[in-house]
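First up is the structure itself, then whatever we jot down about it.
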């Protein structure tokens, strides 16, 4: 069979499963235009300045329908605006002449200005106050009087600030607040991008910005199916705590020898449960955790303070305390089991970045031998498939750590095992068989394995998704 007759591997199979209709990327200008459109619609109904409309929309998370529904429920417009902190309970007007008086903030004798609540200060103090709020990242700025909750509308704020950078930052903060409070919007996590992503349904899902950055919509972390956002956050926190535990200036590893050492030479602080090493003969221990610093006895694990009074019971067996310590140790053992496997796939993923370079070099070498690009492209595609499977596998160990055992767990573990075995076989083909002379045989073997691992990966993820949809997964916390 010649190369033209062979079935070509579809490169699109290695691309993420994305429904382009479900989301869109938006620039800051597009977001500002959306905001202005909503403001104009509300302004035409409530008949208040645009800046006041923006504050109202912000309070209702930019849900225009919800805002107007609440507005129509109130028989008194003023009552609605007072409750929304956009007008004071008692509206007062200033003398248009604004005679000079002593500013209560700086004590200078100057012309005073202020808000409808009649809290007054000099222009300089208002400007400094607003500039400080902008530096703090605030877009909703209250009156400077400590007991006043009246919010300053945009028009008033812009009367007091003239610095172009401050004005630009304030306007950016307003757009930021629009995205942050809207449950259908999130910022692209790429710091160089500056676009937001809008979805139709607020749920964990893979989204891809126009800049190419992929993330989970709910937490903006790298997409982490099948792990839930909360469990990913919990895992990262636990893994970071493991890294922070020090022994002779080096972080603990996740191997069996390390665990044996931990069990033999360390105990958990009774208060914060951080592992403590005993490196001297004295049984007085001080927790090294800066947030804890608990003093305790190495033998009985009780507070050291009780060792000098009648509460001393170092020679008495405390069954409940012992059970608690053993449970903590068992959890550490279980965590290390899953972390070891997670870490191994993560390390393989990092090492396989070098494989990309090797594969690229091999492809260029084959092209110099008069082979067409389409004939060698399967190698690069296969590395992408391998990378995607590694990412899924390392995430399945986080999923498995929090998963409670039941019949469905056995199915999950079977799917995980099949994918893991096939992924290792694909990795072996790419690392060991690149130099074989028969490129046609290698291509057929690699393409066949790529199809298989993609199929097994889909089965695993579909089963996990089914568990979420039918609510048959049970997780420990």
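Readers should treat all values here as calculations from the given coordinates under stated rules, not as data from a laboratory. Remember, predicted model here, so these are calculated numbers, not experimental data. Cβ sites come from the backbone with ideal geometry, for glycine too, and all protein chains shown count toward neighbours.
The spacing between the range 327-342 and the range 368-435, judged by their C-alpha centroids, is 24 Å. If the segment from residue 448 to residue 22 were pulled out straight at 0.36 nm per residue, it would be longer than the present Cα-Cα gap by 150.2 nm.
Between residue 334 and residue 380, the FRET efficiency estimated from the beta carbon spacing at R0 = 30 angstrom works out to 0.20. In this label model, residue 180 and residue 45 are separated by 2.7 nm, measuring between points 7 Å along each Cα→Cβ vector. FRET efficiency for the pair residue 366 and residue 271, taken as 1/(1 + (r/R0)^6) with r the Cβ-Cβ distance and R0 = 45 Å, rounds to 0.15. Averaged over residues, the count of other Cβ atoms within 10 Å places the peptides 189-198, 379-388 in the sequence 379-388, 189-198, highest first.
Legend: calculated FRET efficiency, residue 344 to residue 61, from the Cβ-Cβ distance at R0 = 45 Å, rounded to 0.05, equals 0.55. Potential lengthening of the chain between residue 190 and residue 241 amounts to 15.7 nm, from the contour at 0.36 nm per residue minus the alpha-carbon distance.
Subtracting the Cα-Cα distance of residue 323 and residue 432 from their residue separation scaled by 0.36 nm leaves 34.3 nm. Note on the range 375-477: Kirkwood radius taken over Cα pairs, Stokes-Einstein applied at 10 °C and 1.306 mPa s, translational D equal to 107 µm² s⁻¹. Placing a pseudo-label 7 Å from each Cα along the Cα-to-Cβ vector at residue 472 and residue 406 gives an inter-label distance of 0.8 nm. Protection proxy ranking for 363-375, 136-148, 332-344, using the average of other Cβ atoms within 10 Å per residue and placing the highest first: 332-344, 136-148, 363-375. Taken along the Cα-to-beta-carbon direction at a fixed 7 Å, the label points for residue 136 and residue 288 span 3.9 nm.
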